[in-house]
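Working notes, beginning with the structure itself.
What follows is calculated from the coordinates using simple rules that are stated; it is not laboratory data. Treat the numbers as computed from the prediction; the structure is a model and nothing was measured. As a convention, Cβ positions derive from the backbone with ideal geometry for all residues, glycine included, and neighbour counts pool all protein chains shown.
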Amino acid sequence: MPPDDPDITALTGSRICHDLASPVGAALTGLDFLSGAPGTADPGVMALLRDSLTGARATLEMLRTAFGRAGTGAARDAASLGATARGHLAARPRLQFDWALDGPLTPATEQHLALAILCAAHALPRGGTLAVARSAQDVRVTVTAGGDLTADPALWDGLADQSALPAPDPRQVEFHLLAAHIARGNARITVTRDAQNVAIVLSTPAQD
């Protein structure tokens, strides 16, 4: 699929709407409860609202980073993306998220990494471990998913350019978007996997 295929835009919109529906819906449920009980502010309901809206904000920021236009602005601290990803994944208690990455990330690198995190999370709907790390001597960043992997193996093969990606689907649009970036020469990627682990290794040129 060409990088500028309009289907990608439509699928991206569908994905954003889908991922934000649950936390926003929970917030609305809490608001409905409060509106039916004037003068009360149940701590449990308020906590639900706070957690739901915080999660929705983190998810929106994560998807904006992954799916938006990276631009050419100043580099950001990796800790910022780590906090955003952690907030996005907070609603999945069975998924352990480990972040061991620091230093600056250019906008393009940040976007590629956000997409890779979404790819790894897609593979772990039942939980597991998602880790992001880079060694002090290595410019490459590795995103690892470990656990009961359920993603179609063809997605990984397509991402590694070993075969064509499956037909686009809004639930896995991140694979197509990351592959499109790599096809434009903006990054290099290596994918290794076995029955219980997959590692996405990203290497971005010095000038993003």
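Quick notes
- Listed from fewest to most Cβ neighbours within 10 Å, the set Glu174, Glu110 follows the order Glu110, Glu174.
- Matching the structure-derived Cα extents along the principal axes in Å against the labelled list (i) 53, 37, 27; (ii) 59, 38, 37; (iii) 48, 39, 36 gives the label (ii).
- Relative protection proxy for 191-201, 140-150, 43-53, from highest mean packing down: 140-150, 191-201, 43-53 (other beta-carbon atoms within 10 angstrom).
- In order along segment 92-100, phi translates into HN-Hα couplings of 10, x, 7, 9, 7, 10, 10, 10, 10 Hz, rounded to whole numbers, per the Karplus curve 6.51 cos²θ - 1.76 cosθ + 1.60 with θ = phi - 60° and x for Gly and Pro.
- The residue among Thr190, Gly68, Ser52 whose Cα reaches farthest toward the positive pole of the charge dipole of segment 51-208, with charges on the beta-carbon of Lys, Arg, Asp and Glu, is Ser52.
- Subtracting the Cα-Cα distance of Ala154 and Arg86 from 0.36 nm times their residue separation leaves 21.8 nm of extension gain.
- Dipole magnitude of segment 6-203, debye to nearest 20 (Cβ charges: Lys/Arg +1, Asp/Glu -1, about Cα centre): 240 debye
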